[in-house]
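The values are calculated or read from the model by the stated rules, or taken from the named source; none is laboratory data. All figures in this text were calculated on a predicted structure; none of them were measured in a lab. Because the Cβ atoms are built from the backbone with ideal geometry, glycine has one as well, and the counts that use them run over all protein chains shown.
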Amino acid sequence: MARLVRLDRSGNTELAAWSEGDPASFQEAAAVFREQLAGGYMGVAKLPDDTYEQVKELPAHVDLVMLRRPIAGG
Amino acid sequence: MPGTEQLEQVPFDPGARLPEVADVWWRTPVDTDRLAHIEWLSAAFTSVYVAPFFILGALLVTLEPLLAAVSLLCLVHAWVIPELFAYRGARVLAFEPGSAPRGVRGPGNKGLLADLLDRRPAAIEEATGAVVERGRLGVWVLAENGALLVRPGGRRVHAFCVAVKDPGLRRCDRIAHLLLALRQDETGFATVANHAFAGATWRLRRRLPPGRRAALKAAVSLSR
């Protein structure tokens, strides 16, 4: 199962999970993802080669997508 | 809404800048050349600040040996100025008031940060509260309110003020946000962060909180 995880004040919250063979669960997760992006979070996907990429749509074929807050110079 | 088969085509954008870079569009991207330029500028500025005190100290004692005490004060000034710069840089790794001291932070309370770290970086984080991460520009030491970048070779270090825009987050989660951004785009991360210091690693190390020094030591070791 792939997971959509948000880093928030409660630590990390799993918002959705989906599997490649289940389009309904993916679509549900994609809707949650868009909602979070609208709320100011940024999507970061962990790719199979252990690199991390910004994503603006939920990719189906990754295991983990995280939502983080923007950073800024202090 | 397309199904999963169609979404296989969703393009990643490898090498894309952090979106936060748009907020600091006027800044030059901080890459290897830029870091070398900053190091050169920093050394030049320090020389400009310090050299007059050396010259004055030498001049005074040459004109009148009885002014040796005043000359010594000039040398002290010349020493203190770079120390103040280093202190400013070291503050990016300062512990926050009321944050848990070493050994009290429980290993089971790291949130996603625990999943992002391998065993050795996790042990360093457990001991120091800072994450050591190797990057393309050098080895990073990330804490909740800033980061150090140890350049290859370990002799030069840069300090950056950078934090996540949510002060209500726990310490580990704030570091996890920074780590994700760093892994996403190292140059973008360094560009967004405010540069606080560039100089000798030994000078900054002396000004770091004792609890963080092991993290810098590990980063220096990794950078060699």
*Within region B:184-199, is there a residue that is touching a residue at least 24 places away in the same chain (Cβ under 8 Å) and within 19 Å of A:Asn12 (Cα to Cα)?*
yes
_Enumeration of residues in region B:151-193 that are facing another protein chain (nearest Cβ under 7 Å), at pLDDT 95 or above and surrounded by fewer than 23 Cβ atoms within 10 Å (Cβ to Cβ)_ = B:Cys161
*If you go through region A:9-37, how many residues are closer than 17 Å to A:Pro70 by Cβ and over 13 Å from the mean Cα position of the chain (by Cα)?*
1
*Would you please list the contacts, defined by Cβ atoms under 8 Å and residues six or more apart or on different chains, that run from a residue in region A:7-28 that is among the β-branched types (Val, Ile, Thr) to a residue that is surrounded by fewer than 18 Cβ atoms within 10 Å (Cβ to Cβ) and part of a helix (DSSP H, G or I)?*
none
*Residues satisfying the stated conditions in region A:1-28, i.e. polar (S, T, N, Q) and not in a helix (DSSP H, G or I)*: A:Ser10, A:Asn12, A:Thr13, A:Ser19
*asked:* Considering only region A:42-56, I want to know if a residue exists there that is outside any strand (DSSP E or B) and among the small types (Gly, Ala, Ser).
replied: no
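Residue-by-condition table, conditions (1) β-branched (Val, Ile, Thr); (2) surrounded by 14 or more Cβ atoms within 10 Å (Cβ to Cβ):
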position: A:Met1; (1), (2): no, no
position: A:Val5; (1), (2): yes, yes
position: A:Trp18; (1), (2): no, yes
position: A:Gly39; (1), (2): no, no
position: A:Gly43; (1), (2): no, yes
position: A:Pro48; (1), (2): no, no
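Let's see how each residue does on (1) within 14 Å of B:Pro209 (Cβ to Cβ); (2) at pLDDT 90 or above:
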position: B:Leu60; (1), (2): no, yes
position: B:His77; (1), (2): no, yes
position: B:Gly103; (1), (2): no, no
position: B:Leu117; (1), (2): no, no
position: B:Ala127; (1), (2): yes, yes
position: B:Arg134; (1), (2): no, yes
position: B:Leu149; (1), (2): no, yes
*Those residues that are modelled with pLDDT of 90 or more, facing chain A (nearest Cβ under 9 Å) and buried (at least 17 other Cβ atoms within 10 Å of the Cβ), I need them from region B:1-23; list them, please.*
B:Glu20
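A quick yes/no check of all residues on (1) touching a helix residue (DSSP H, G or I) at 6+ places or on another chain (Cβ under 7 Å); (2) farther than 19 Å from B:Val30 by Cα; (3) in a helix (DSSP H, G or I):
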position	(1), (2), (3)
B:Arg136	yes, no, no
B:His158	yes, no, no
B:Val162	yes, no, no
B:Arg174	no, yes, yes
B:Leu180	no, no, yes
B:Arg203	yes, yes, yes
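Which of the following residues is within 21 Å of B:Asp23 (Cβ to Cβ), aliphatic (A, V, I, L, M) and outside any helix (DSSP H, G or I): B:Ala190, B:Ala147, B:Ala198?
B:Ala147
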*Please identify the pairs in which a residue from region B:131-160 that is over 15 Å from B:His195 (Cα atoms) and of a type in the set (D, E, K, R) has its Cβ atom under 7 Å from the Cβ atom of a residue that is modelled with pLDDT under 95 and assigned to a loop (DSSP other than H, G, I, E, B), counting only partners at least 6 apart or on another chain.*
B:Glu144/B:Glu96
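Among the residues of region A:37-51, is there at least one that is more than 26 Å from B:Lys110 (Cα to Cα) and in contact (Cβ under 8 Å) with a residue 40 or more places away in the chain?
There is no residue in region A:37-51 that is more than 26 Å from B:Lys110 (Cα to Cα) and in contact (Cβ under 8 Å) with a residue 40 or more places away in the chain.
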*Could you give me the residue pairs with C-beta distances under 8 Å whose first residue belongs to region A:62-74 and is part of a strand (DSSP E or B), whose second residue is hydroxyl-bearing (Ser, Thr, Tyr) and at pLDDT 90 or above wherever it lies, and which are 6+ apart or on separate chains?*
A:Leu67/A:Tyr41; A:Arg68/A:Tyr41
